[in-house]
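S.K.: What follows is a structure written as structure tokens; I'll ask about it next.
Values in this text are rule-based calculations from the coordinates and carry no lab data. What you are looking at is a predicted structure, and each value in this text was computed from that prediction instead of being measured. Positions of Cβ are backbone-derived with ideal geometry, glycine not excepted, and every protein chain shown enters the neighbour counts.
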Amino acid sequence: MEEKVNIELKQLSVGYQQQGEAPLEVLKDLNLSAAPGEMVALIGSNGIGKSTLLRTLAGFQPWFSGDVLIKGRSLKILNARETARTMSFVSTEIVRVPNLTVFDMVAYGRFPYTNWIGMLTEEDQYIVSDAIRKVGLEGFEKRPVMQISDGERQRAMIARALAQDTPVIILDEPTAYLDVSNKYEIFHLLQLLAFEKKKTVVLSTHDLNIALREVDKLWLIAPEGNYQGAPEDAVLKGWLNQLFRNEHIGFDEQEGEFFFKKDFRAKVKVEGQGLPLTWTLRALNRKGYQIVMQAEPDFRVRAGENEWEVILSDKTKKFNSIYQLLAYLE
Amino acid sequence: MSAIKKTEKITIGLQFFVLALLLILFFMADLLLGSVIIPVKQVLLAFFPSAETSETYRTIVLDFRLPKALTAVLTGAALSLSGLQMQTVFRNPLAGPYVLGISAGASLGVALFVLGFSSSLAFGVFSATGALPLAMVAWLGSFLVMLLVLFVSTRVNDIMTLLILGILFTSAVTAIVSILQYFSSESMLKAFIIWTMGSLGSVTKSQLAVLAPAIGAGVLLAFFKIKDLNAFLLGEDYARSLGVSIKTSRIIIFLSASLLAGTITAFCGPIGFIGIAVPHICRVFFKTANHLVLVPAVIITGSIVMLFSDIVSQLPGMQTTLPLNSVTALIGIPVIIWMIVKNRKFVSV
């Protein structure tokens, strides 16, 4: 089967042209790609150059060498209007324009298609309304963008990108300001849109645990090099452990989550079952106690339904919450 | 953008109708009111050469009040429009027509001309030929600044850097003007101060023939960039991602704003606060961010406000007049304060 590719980065080198200084190369030898319908998460530690890469892909700054191909055509040969019909971009910047309604903001997406004065045709109006409906903002058309919540505004920005009707949508940290439920909703929405409209969605994010569950592909930029593949591939091949220079951050392959490696204070053996056991283990882990199975523990904890016991050199003490248990151990 | 629904279209049409009526009303009032009281009938008769009316009245109406009223319309429209453009491009609610240093450039031209030649015989030349040479040097000054700004803006990407450069340039010019003032004679100093007070009355019919086409060109350029102005509201990143060629677009908008503000400053002196206040009035009145509505709105509203300022500065029925700049400041500043208090946070345009 022939592999369909929507966006392809070939030997791409990106960075900044500095005035009076040598150009600063931020990332090089990038060979990454994504297919239509895929949601790709660009992940990497702070300052590694995620934003620079996204801004380059959006056409804001030239790249040093290599090429970016959209549906096989180089981004380099496109003019401003053509680029705007190929790539849409959602930045981290919060738009604050008084008197601007949600409809008008989404309508900005039709900008590369409208005439010199910006008149919307009936088709444009339909596309805008459709985009608003797709992100679940029906009924918000006349609300001013300055009077909606962060989550709603982010949806409106996504609707705007959708109305721009480009094969590739790029989002720089779309979930940065949002609460957990909104983070999940935005990820879910983007995935749905990518799949339904056969668009490629490329986003950068620091919500790694959510990204691992929701995205189709990772573009992983680590200090040692870059990788691409399904999130599950990244786990199995151990790429995620290379992500951060900080030796304290590790990836727990069993739990599928990142965790902070602590220096252990004492060894503890825990008895119990079900949820009380799970969460007692987690609490002790958080406080820096090493959980042991076979080795000789410094003390033991017995986790019951509504009762916890600490057994320390034959003395037993009872508690009725994890909080009290931890306070005692301190 | 231009998602104007039918009901909204009717509302906007109605608002423009009201504005147009006000414009006609104030234009008529400006012709009627002045230090000499002329009956309404005589004013109307003055427009018909065959009609019988006193020659004095005819001269006052046709040669003084009519050019002055037309100048007021052009001035208000030009300053308000360039203020709107600057507020949008710089995304700064306190930006006005003069942020690029245009007024400073004009002041430098006038200061060099009036004060620099104070020891020579140039005064005689200046007073003999009237305000036109003054306008010419002011124009020259503001356009040299404009070229400088355009040159810098092709090299500097950051909009805030441009804003700061404009402010610094204005300060530098003010310093030079202060030095010139210090060394100049009393009569020349007075001539310069009077220019800085602003005046609509010094523009003659023949000068209007220069003023009007220049303003027309500036307005035309502004209309041509309405779509891009809308995009600039979202910030330069978004404007770029929507396909706006930032540099080209910015240069054309600066050209328009400089042409508008520079020409007015040259002929009428630096008139303050109209350019900042009128766009805010229009945003409140029309409740829109769309420049397709705002551009014509500020043109008409600016004209009305300027006609009103002119009527006030004439102190109808009295022999003295107030400095125009003081009147526009006293009208403009309360509007800006009201905006700040009403909006609490004055964060954006």
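S.K.: With springs connecting C-alpha atoms under 10 Å apart, model chain A as a Gaussian network and identify which of A:P297, A:P231, A:P98 has the largest mean-square fluctuation.
M.R.: A:P297
S.K.: Out of the GluC sites (Glu not before Pro) in segment A:103-204, which ones are loop residues according to DSSP with at most 10 other C-beta atoms within 10 Å?
M.R.: A:E138
S.K.: Using DSSP H assignments, which helices in chain B have an axial alpha-carbon span of 30 Å or above and a mean Kyte-Doolittle hydropathy of 0.5 or higher?
M.R.: B:6-32, B:66-90, B:131-155, B:159-182, B:246-268, B:291-314
S.K.: Just the number, please: Stokes-Einstein D of chain A in µm²/s, Kirkwood Rh from C-alpha pairs, 25 °C, 0.890 mPa s.
M.R.: The estimated diffusion coefficient comes to 108 µm²/s.
S.K.: Of all the Cα-Cα pairs you can form in segment A:266-329, what percent are over 16 Å apart?
M.R.: Taking all Cα-Cα pairs of segment A:266-329, the fraction more than 16 Å apart is 36 percent.
S.K.: Let me check I have the definition right: for segment B:6-343, take the eigenvalues of the Cα gyration tensor, multiply each by 5, take square roots. What are those semi-axes in whole Å, largest first?
M.R.: Ellipsoid half-lengths, sorted descending, are 32, 28, 16 Å.
S.K.: Using only C-alpha positions, report the orientation-averaged shadow area of the convex hull of segment A:1-77, nm², one decimal.
M.R.: Taking the Cα atoms of segment A:1-77, their convex hull projects to 6.0 nm² on average.
S.K.: Fewest first, what order do B:S187, B:S326 take by the number of other Cβ atoms within 10 Å?
M.R.: The most exposed by this proxy come first: B:S187, B:S326.
S.K.: Also: Per 10 Å bin, what is the whole-percent P(r) computed from every C-alpha pair distance within the protein assembly as shown?
M.R.: The calculated distribution, bin by bin, is 3, 13, 19, 18, 15, 12, 9, 6, 3, 2, 1, 0, 0.
S.K.: Using only the C-alpha atoms of segment B:264-349, find the volume of their convex hull and express it per residue in Å³.
M.R.: 109 Å³
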